[in-house]
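Undergrad: Encoded as structure tokens, here's the structure I'll be asking about.
The values are calculated or read from the model by the stated rules, or taken from the named source; none is laboratory data. Just so it is clear, the model here is predicted, and its values are computed rather than measured. Positions of Cβ are backbone-derived with ideal geometry, glycine not excepted, and every protein chain shown enters the neighbour counts.
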Amino acid sequence: MLHPSQVVMGEHGPALIGDGALFMWADNLAPLLAAHPHVQLVLSTSWARHLPFEQVRDFLPVALRRRVVGSTWHRIQTDPAFSHGLPYSYWQDATRYQQVRRWVTLHRLRRWASIDDDADGWADADRPRLIHTRADSGLSDPAALSRLAELLRGQP
């Protein structure tokens, strides 16, 4: 959550509705990650349904862009092996948690966290990994940043 969630896909790409700018809170995330060079980012955004993965990634500031290793959406349309038999309609209707959980399972991740304003359907076992933000404040919220810092330090 690097900007308010009110974004529309315009003629020239994503555009924020209202005050502010796209990725206006990225400067809050980059310093936290600086001490953790091993941390990789996976995008889970509806933008990847409409734009090529590389274009979505390249909207990010450079400090974050270089950490991005994938998207929960970008390969399902082009790589049948990635969907593992799940129809495209599954991905259209899957909750954000289901998309994230699928990525985690496919890539056999042991340490991971998710920053999102969508907490629908999260399993109790995975809920501690969710940094649940508000749609209008994202990573401008000190409590969300504090929780992320705890997870980066390996604290449950």
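Undergrad: Looking only at region 26-64, how many residues end up being part of a loop (DSSP other than H, G, I, E, B), out of contact with any strand residue (DSSP E or B) (no Cβ under 8 Å at 6 or more places or on another chain) and at pLDDT 80 or above?
TA: The qualifying residues number 6.
Undergrad: Let me ask something else about it. Restricting to region 130-155, give me the number of residues that are without any contact (Cβ under 8 Å) to a residue 40 or more places away in the chain, in a helix (DSSP H, G or I) and surrounded by 17 or more Cβ atoms within 10 Å (Cβ to Cβ).
TA: 2
Undergrad: Continuing with this model, one more query. For region 78-97, give me each residue that is under 23 Å from residue 147 (Cβ atoms) and at pLDDT below 90.
TA: Passing the criteria: 95, 96.
Undergrad: Taking the residues in region 125-141 that are under 16 Å from residue 19 (Cβ atoms) and not basic (Lys, Arg) as candidates, determine which candidate is modelled with the highest pLDDT.
TA: Residue satisfying both the conditions and the ranking: 140.
Undergrad: Assuming residue 121 fulfils every condition listed in (1) at pLDDT below 90; (2) on the phi > 0 side of the Ramachandran plot; (3) not charged (D, E, K, R) apart from one, which condition is it?
TA: Among (1) at pLDDT below 90; (2) on the phi > 0 side of the Ramachandran plot; (3) not charged (D, E, K, R), residue 121 violates only (1).
Undergrad: Turning to a different aspect of this structure: Within region 113-156, work out how many residues are in contact with a Ser or Thr (Cβ under 7 Å, 6 or more places away or on another chain) and of a type in the set (Phe, Trp, Tyr).
TA: 0
Undergrad: Which pairs turn up if I take residues in region 100-116 that are closer than 21 Å to residue 25 by Cα and aliphatic (A, V, I, L, M) and look for partners that are modelled with pLDDT under 90 and not in a loop (DSSP other than H, G, I, E, B) with beta carbon separation below 7 Å, at least 6 apart in sequence or on another chain?
TA: Here the result reads 115/139, each pair linking region 100-116 to a residue that is modelled with pLDDT under 90 and not in a loop (DSSP other than H, G, I, E, B).
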